1. How large is the charge dipole for the chain, taken about the Cα centre, if only the Cβ atoms of Lys, Arg (+1) and Asp, Glu (-1) carry charge, to the nearest 20 debye?
2. For the chain, modelled as a GNM with alpha-carbon contacts under 10 angstrom, which of 115, 171, 207 fluctuates the most?
3. Run through the DSSP bridge list for the chain and note the antiparallel percent, rounded to the nearest 5.
4. Take the Cα pairs of the stretch 1-135, get the Kirkwood Rh, then feed it into Stokes-Einstein at 10 °C and 1.306 mPa s and tell me D in µm²/s.
5. At q = 0.25 Å⁻¹, what is the base-10 log of I(q)/I(0) for the stretch 1-46 according to the Debye formula with one equal point scatterer per Cα and no solvent? Please give it to two decimals.
6. Taking each pair of different alpha-carbon atoms in the stretch 67-149 once, compute 1/r for the pair, average those values, and report the inverse of that mean as the Kirkwood hydrodynamic radius in Å to one decimal.
7. Hey, could you get me the Stokes-Einstein D for the stretch 75-229, Kirkwood radius over alpha-carbon pairs, 37 °C and 0.692 mPa s, rounded to whole µm² s⁻¹?
8. Could you pull out the trypsin sites (Lys or Arg not before Pro) across the stretch 45-111 that fall in loop regions by DSSP (anything but H, G, I, E, B) with no more than 12 other Cβ atoms inside 10 Å?
Amino acid sequence: MSALLILGGTADARELAGVLHGRGVPVVSSLAGRVAAPRLPPGEVRIGGFGGPEGLERWLVEHDVFAVVDATHPFAARMSASAFEACASAGVPLLRLERPGWRERPGDRWHWVDDVEAAADAVGGLGPRALLALGRQQVAAFAGVDSTWFLIRSVGPPDPPLPPRHELLLDRGPFTVSGELGVLDEHRIDVVVTRDSGGDQIAAKLDAARQRGLPVVVVRRPAAASTAAVTTVAEAAAWVSSQDDRSAAPDEFSRAGSPKPSGTGG
Ligand code: NAP
């Protein structure tokens, strides 16, 4: 039986799998396998890389995939590029589901940079004690920064090398503003480093930094391939309905509207 493939590892991907599974759509969710105890979505789950775009293309054909939703994290650029290439080669429709980036608000003191290396260059000039709220694969970019003490917060242990002066805080959120204020105050943080991941679950650090008047170094999203894209689970579910009659929910597609082409993704 043909199935929808969701490239996952995000809360949106889990939610979409739940919605579609509940409607009887055969869904396979794919996870990279980086997290020891991942939160699993409803429905079938496969874990591990496909072996690049060629491997993914083979997988799409062998599993008779009728469409793909790329709901990976905004900074999972390799997987998204691979999906774009494989779907084009296999002739399988692809949709990008990506939550919007964060927007600056009055009182924010954000410093936008293009990548984590630029963030590492910038942080020393902004304060001696930094909260590093990044993916565990990005921490190594700060290994050469010895002028700053880091509170490194990540879901799992960060990949070495690590900056010489640091403390680890393993936590995956969601976080609250009062909790984040407590972290900033307890560790006497004077600068926050984050990527523009977007979404509500981890945005509390931005509110907390604003309340304390702290600068925030924000890493821009990587450029994305130009494919059809939506920002909400409802829109993605509607798109799947348009690709597969089994998942149709009355009126949903007309409510959500048509997907729009994406730009740079961030
Ligand atoms: P990445 O750099 O774009 O991917 C590296 C390789 O990992 C890909 O080429 C692919 O291997 C494999 N891979 C990635 N996502 C996969 C998926 N959903 N299913 C199967 N294979 C996958 O990605 P990443 O930044 O390491 O992120 C890995 C996963 O963690 C993603 O699912 C992402 O949604 C999730 N995540 C990432 C972040 C982050 O900060 N980047 C944050 C939260 C969640 P092959 O080439 O062999 O297919």
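1. Charge dipole, the chain, about its Cα centre: 440 debye, nearest 20.
2. Comparing 115, 171, 207 in the GNM, the peak value goes to 171.
3. Bridges in the chain are about 5 percent antiparallel.
4. Estimated via Stokes-Einstein, D reaches 95 µm²/s.
5. Cα-only, vacuum Debye calculation for the stretch 1-46: -0.83.
6. Here the Kirkwood hydrodynamic radius works out to 15.7 Å.
7. Reported coefficient: 199 µm²/s.
8. 103
We did not get these values from a lab; they are worked out from the coordinates using the rules stated. Just so it is clear, the model here is predicted, and its values are computed rather than measured. All Cβ positions, glycine included, derive from the backbone under ideal geometry; neighbour counts span all protein chains shown.
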